[in-house]
Amino acid sequence: MKVLKFGGTSVGSVESILNLKKIVEACDEPVVVVVSALGGITDKLIATSKLAVTGDTTYLTSYNEMVERHHNMIEAIITDKDKKTKLLSTVDTLLEQLKGIYQGIFLIGDLSEKTSNTIVSFGERISSNIVATLIEDAQWYNSLEFIKTKKKQGKNFFSNTISVPLIKQNFTDFISGKAKHKVCLVGGFISTDANTGEITNLGRGGSDYTAAILAAALDARVLEIWTDVSGFMTADPRVINTAYPIDKLSYVEATELCNFGAKVVYPPTIYPVYVKNIPILIKNTFHPEDKGTIITADSDKSARAIKGISSINDTSLITVSGLSMVGVIGVNQRIFTALAANGISVFLVSQASSENSTSIGVRNEDADAACEVLNNEFAKEIELGAMFKMKLERDLATVAIVGENMKHTPGIAGKLFGTLGRNGISVIACAQGASETNISFVVEKKSLRKTLNVIHDSFFLSEYQVLNVFICGIGTVGASLLEQIAGQQQKLMKERNLKINIVGIASGHNAVFDRNGIDLTQFLDKNIFSLDKLRSFIKATEPSNMNRLKEEVIGMNIFNSVFVDCTASADVPQLYHDFLSHNISVVAANKIAASGDYDNYYRLKTTARQRGVKFLFETNVGAGLPIINTINDLCNSGDKIVKIEAVLSGTLNYIFNTISEKIPFSETVRLAKEEGYAEPDPRVDLSGKDVIRKLVILSREAGYKLSQEDVTKQLFLDQSFFDGTLEEFWKNLPSVDKKFEEERKVLETKHMRWRFVATLENGKGNVSLQKVDEHHPFYDLEGSNNIILITTERYNHYPMLIQGYGAGASVTAAGVFADIMSIANI
């Protein structure tokens, strides 16, 4: 024999109530079915009584709507004419009684607790009769006759507590041996006072409790609770779209999750069946084929340490503090006794080991009353200055991570708080019992969504680790990066359990943001990434500027986030510090921040380190070559960079490798721009400015405080080429072709080549066009390749050599992608 409970959503619509019928009638053993009121009816009953007591005549409209709701339900689901007539007679009798009560309230303008309890009982009294008529071989039982309560009086409040022996006696005497029908149908929630016979109730969620009491009294095989979800979820699916059902929980784990906001089961429900070791099965009325969650005495030892995350989003924190508390016995007793006497529930307690402060978490609705109670309790100590007035903090949220497998598992708390810190989430208070089943902590309410996502992702409750990426700039590098991410997304999800989620794309004039992710497959044309589709998509989005970019990225407040700058803009780097300060990692293909003002560079590096995020710019030098990472590894391992010699401009190397008798210098510059090696304005490359920036970056990463102004340069074009307009530059450039050709011929006879070399030695930087012979490592450098020689105290006689493609959109994008992946590996 088993007990089935169906909540308001399970009897809220024609579809759900017919599903209920199928579920119950499919049972091959005797069952007791407990039902709630039709979905929303309890709230409607209360709202209508409030209209009546204030003399508002619209209470009749509200009442008539409830009548119509129940009549429509009966018409839709009861097809047998005789059964329908009999049921309507029963229901209408109850509705007339309800109408009479409302009329009385309206006339006298008074609404007592006794009357309120009677009013809300009609929901279950009517619904249980409807369902009993609907289900074949079912008998209705009046729960008012055997669910009895005893009223417990406190100082200023009353609460109903169940008399379990009395219930067992009444229920057993009533049903045992008399149940001629397969299904016993009971209304949940409602009860009567054991002494007075007055109608009472078991409080919100009381139908669950009714079912648990009956399951325990009847020694049921299982208690099934049918609702609108497929069991306990790893987190709130309304916040975390990757949350999924938990297969198995222990009674302890389920209780902890319920106490901290998981509304799947009314918390007191668990105790009666726990005592009898009766399993609880949570099932979905709308998807009965789903497995659901089974709750038993034993935890699933093979599962992850954390089973689920729960939260309370209406938290206020009250701190009781004062130097007189230190070492004084009985302070906490006074706190909790005073609050209990006034009916105020505390769900979190955090106390400093010094004993000079205790913080308690209460619901927002209880906060002011709790402060008043405690200020009165400690009025004398506050007046003497031995204690401070209560400190109240509002707009907070409490989060709990739950799992019995956390017991004796080292590092859980460390990982939890480390993960929160890296994502910029400040923990205001925390608590953990010696049972190690629950770690609870308080954060700002505005950080709740981010907190839940961070924890869910970091503790592998999510199917994938998620990295949320904003990409600014859809030129050649940005577009190539998006293409590479689109090509790798499925592979990374399959092989690395890593989901690269593009949550923002911005161009110079437009931007789109979506915290759920932008689908990159929409930019495919016959499985080939289409730049035209991407740019048309962005062009159709909202206009954007630096202020909107900053507000959207920071305002999204999303976890594990990375801002990627694929622009050459001088404005975008000014946002880096704000992003890093909000725990958003920054990956920059843009060289301006790392090569600009040294104090700003140092501030960005320091902020990133302090906030536990990353500021990466590997592609600033050598595109996809691992130059900066190598220098960092050398320095971090205790080595010292003595000298750097490098060809760092893929553009200039391409130019001086391409120049020939048939291709003059001016044409090589034009080819470099057309091939995508040169900047939009190639004078940036020809002026040596780009190489100077790169040398400054390498110098700083090597530990030298160098600025662009400190680098000496010997250029190969007159200053006049850089002073005019871009149009004048292209017009005048052929004038130097003859000179370069004459010098090229001389070099060719000497087996020498031009290389634009950047040098760092003794903390000083220099860039110049040099002639190297066939024995020099730079001589055979082909195409747009870069090469770097690093001399250190360890690599002294034989410098370290790094060589490879140093320019081009695809290799630069690959380097940016590698930086993004390194953040994912933190």
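Tabulated data
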item	result
Count of residues meeting criterion [without any contact (Cβ under 8 Å) to a residue 60 or more places away in the chain and assigned to a loop (DSSP other than H, G, I, E, B)] in the stretch 389-417	5
Verdict on Ala254 being modelled with pLDDT of 90 or more, open to solvent by less than 20 Å² (accessible area, probe 1.4 Å) and either more than 30 Å from Glu383 (Cα to Cα) or in a loop (DSSP other than H, G, I, E, B) (or both)	yes
Within the stretch 576-589, tally of residues that are surrounded by 21 or more Cβ atoms within 10 Å (Cβ to Cβ), without any contact (Cβ under 8 Å) to a residue 40 or more places away in the chain and either under 27 Å from Glu645 (Cβ atoms) or acidic (Asp, Glu) (or both)	1
Where a residue in the stretch 521-541 is without any contact (Cβ under 8 Å) to a residue 40 or more places away in the chain and open to solvent by less than 90 Å² (accessible area, probe 1.4 Å) and its partner, wherever it lies, is among the β-branched types (Val, Ile, Thr) and assigned to a loop (DSSP other than H, G, I, E, B), with Cβ under 9 Å and at least six apart	Phe537/Ile518
Condition met for Thr812 (within 20 Å of Ala646 (Cβ to Cβ), touching a residue at least 24 places away in the same chain (Cβ under 8 Å), under 50 Å from the mean Cα position of the chain (by Cα) and not in a strand (DSSP E or B))	yes
First in the stretch 218-234 and open to solvent by 10 Å² or more (accessible area, probe 1.4 Å), second anywhere and of a type in the set (Phe, Trp, Tyr) and assigned to a strand (DSSP E or B), Cβ under 8 Å, 6 or more apart	Trp226/Phe6
Test: residue in the stretch 333-346 that is of a type in the set (S, T, N, Q) and in a helix (DSSP H, G or I)	yes
Filter result for the condition that a residue is crowded, with 16+ Cβ neighbours inside 10 Å and either without any contact (Cβ under 8 Å) to a residue 24 or more places away in the chain or in a strand (DSSP E or B) (or both), over Ile278, Ile312	Ile312
The stretch 343-365: number of residues that are farther than 19 Å from Ala386 by Cβ, open to solvent by 30 Å² or more (accessible area, probe 1.4 Å) and free of Cβ contacts under 8 Å to residues at least 40 places away in the same chain	3
Check on Ile147, more than 30 Å from Val183 (Cα to Cα), crowded, with 20+ Cβ neighbours inside 10 Å and either of a type in the set (A, V, I, L, M, F, W, C) or under 42 Å from the mean Cα position of the chain (by Cα) (or both)	no
Every residue from the stretch 748-778 that is of a type outside the set (S, T, N, Q), closer than 19 Å to Leu652 by Cα and touching a Lys or Arg at 6+ places or on another chain (Cβ under 6 Å)	Met752, Val767, Val772, Phe778
Candidates Thr255, Thr296, Thr315, filtered to the one that is among the β-branched types (Val, Ile, Thr) and more than 25 Å from the chain's Cα centre (by Cα)	Thr296
Some residue of the stretch 604-613 being surrounded by fewer than 21 Cβ atoms within 10 Å (Cβ to Cβ), free of Cβ contacts under 8 Å to residues at least 12 places away in the same chain and of a type in the set (Lys, Arg)	yes
Neighbours by Cβ (under 8 Å, 6+ apart or cross-chain): first from the stretch 736-756, in contact (Cβ under 8 Å) with a residue 24 or more places away in the chain; second of a type in the set (Val, Ile, Thr) and part of a helix (DSSP H, G or I)	Phe756/Val691
Residue within the stretch 438-450 that is open to solvent by 10 Å² or more (accessible area, probe 1.4 Å), among the hydroxyl-bearing types (Ser, Thr, Tyr) and either more than 29 Å from Ala511 (Cα to Cα) or in contact with a strand residue (DSSP E or B) (Cβ under 7 Å, 6 or more places away or on another chain) (or both) present	no
Qualifying residue in the stretch 532-549 (condition: touching a His at 6+ places or on another chain (Cβ under 7 Å) and at pLDDT below 95)	yes
Scope the stretch 629-650; condition in contact with a helix residue (DSSP H, G or I) (Cβ under 9 Å, 6 or more places away or on another chain), open to solvent by 10 Å² or more (accessible area, probe 1.4 Å) and either among the hydroxyl-bearing types (Ser, Thr, Tyr) or assigned to a helix (DSSP H, G or I) (or both); matching residues	Asn629, Asn632, Cys635
Counted residues, the stretch 799-813 - those being open to solvent by 10 Å² or more (accessible area, probe 1.4 Å) and touching a Ser or Thr at 6+ places or on another chain (Cβ under 8 Å)	9
Residue ID - least open to solvent (accessible area, probe 1.4 Å), chosen from residues in the stretch 651-681 that are over 30 Å from Ile790 (Cα atoms) and within 46 Å of the chain's Cα centre (by Cα)	Asp681
Checking Thr242 against (1) of a type in the set (Val, Ile, Thr); (2) in a loop (DSSP other than H, G, I, E, B); (3) open to solvent by less than 40 Å² (accessible area, probe 1.4 Å); (4) touching a residue at least 40 places away in the same chain (Cβ under 8 Å), the condition it does not meet	(3)
Conditions (1) within 25 Å of Arg449 (Cα to Cα); (2) open to solvent by less than 70 Å² (accessible area, probe 1.4 Å); (3) at pLDDT below 95: number failed by Gly487	(1)
Residue selected from the stretch 418-437 under the condition in a strand (DSSP E or B) and open to solvent by 30 Å² or more (accessible area, probe 1.4 Å), by the criterion modelled with the lowest pLDDT	Gln432
Of all residues making up the stretch 8-26, the number that are farther than 16 Å from Ile126 by Cβ, of a type in the set (Gly, Ala, Ser) and under 32 Å from the mean Cα position of the chain (by Cα)	1
Condition check for Met546: in contact with an Asp or Glu (Cβ under 6 Å, 6 or more places away or on another chain) and surrounded by fewer than 17 Cβ atoms within 10 Å (Cβ to Cβ)	yes
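The values are calculated or read from the model by the stated rules, or taken from the named source; none is laboratory data. What you see is a predicted model, and the numbers here were worked out from it, not measured in a lab. Positions of Cβ are backbone-derived with ideal geometry, glycine not excepted, and every protein chain shown enters the neighbour counts. SASA here: full protein model, heavy atoms, side chains in, ligands and nucleic acids out. Shrake-Rupley method; radii C 1.70, N 1.55, O 1.52, S 1.80 Å.
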